[in-house]
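The values are calculated or read from the model by the stated rules, or taken from the named source; none is laboratory data. These numbers were taken from a predicted model, which means no experiment stands behind them. Quick reminder, even Gly has a Cβ in these numbers, built from the backbone with ideal geometry, and neighbours come from all protein chains shown. Only protein heavy atoms, including side chains, enter the accessible area calculation; ligands, DNA and RNA are left aside. Shrake-Rupley method; radii C 1.70, N 1.55, O 1.52, S 1.80 Å.
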Amino acid sequence: MPILRIEHPTNDFASWKAAFDRDPAARSKSGVQRYSIYQPVDNPRYVLIDLEFETVAQAEQLLTSMKQIWSSGVAGAALGGEPRTQILETMEVTQLAA
């Protein structure tokens, strides 16, 4: 399952989350099947998002849309710096017994 990972600083997590929840890229219509949001435990002004897709092409298309949104200023004050992105392919997932 391809994953689009986006990470970037934020000026304020609550503002970023409100912008994320407005969903200007229409995640579900773009093929996102599930997403996870992470923050480093020692940095509340940084966010990582993993968006899962069926195909790499869907991930690439959403990334193109996101780059347009970021450059248009719609994200505004929510972003605290330039986003870093990668499209990842899951190679292995292993659950270890407790």
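Under 14 Å from the Cβ of Ala25, count the other residues' Cβ atoms, weight Lys and Arg +1, Asp and Glu -1, and hand me the total. Intermediate values should be presented prior to the final figure.
Details: positive: Arg22, Arg27, Lys29, Lys67; negative: Asp21, Asp23, Glu60.
Spelling it out: positives minus negatives among the neighbours equals +1.
Using modelled backbone amide H atoms (1.01 Å from N, in-plane), which distant-in-sequence or interchain residues come within less than 5 Å of Asp12's amide H?
Close amide H contacts, sequence-distant or interchain: none at all.
Over segment 1-93, give the accessible area per residue in Å² for a 1.4 Å probe, as an integer. Don't skip to the end; give the middle numbers.
On the way: 5670 Å² over 93 residues.
Value for segment 1-93: 61 Å² per residue.
In the neighborhood of Pro2, defined by Cβ-to-Cβ distances under 13 Å, what is the net charge if each Lys or Arg adds +1 and each Asp or Glu adds -1?
Numbers: positive: Arg5, Arg34; negative: Asp50, Glu52, Glu54, Glu60, Glu89.
Charge balance near Pro2 sits at -3.
Kindly state, to the nearest 0.05, the FRET efficiency for Asp50 paired with Ser71, given R0 = 25 Å and r defined as their beta-carbon distance.
Numbers: r = 22 Å, r/R0 = 0.89.
The pair Asp50/Ser71 has a calculated efficiency of 0.65.
Binning at 5 Å from 0, report for the chain what percent of all alpha-carbon pair distances ends up in each bin.
3, 12, 23, 25, 18, 11, 5, 2, 1, 0
What nm value, rounded to one decimal, do you get for the distance between Thr64 and Glu7 when each label is placed 7 Å out toward the C-beta?
2.7 nm
Using a probe of 1.4 angstrom, how much of the accessible area of segment 12-94 is carbon and sulfur, in percent? Don't skip to the end; give the middle numbers.
Working: 2710 of 5410 Å².
For segment 12-94, the apolar C and S fraction of the accessible surface comes to 50 percent.
Read phi for every residue in segment 59-66 and hand back ³J(HN,Hα) as whole Hz from Karplus 6.51 cos²θ - 1.76 cosθ + 1.60, θ = phi - 60°, with x for Gly and Pro.
Residue by residue, segment 59-66 yields 4, 5, 5, 5, 4, 4, 4, 5 Hz.
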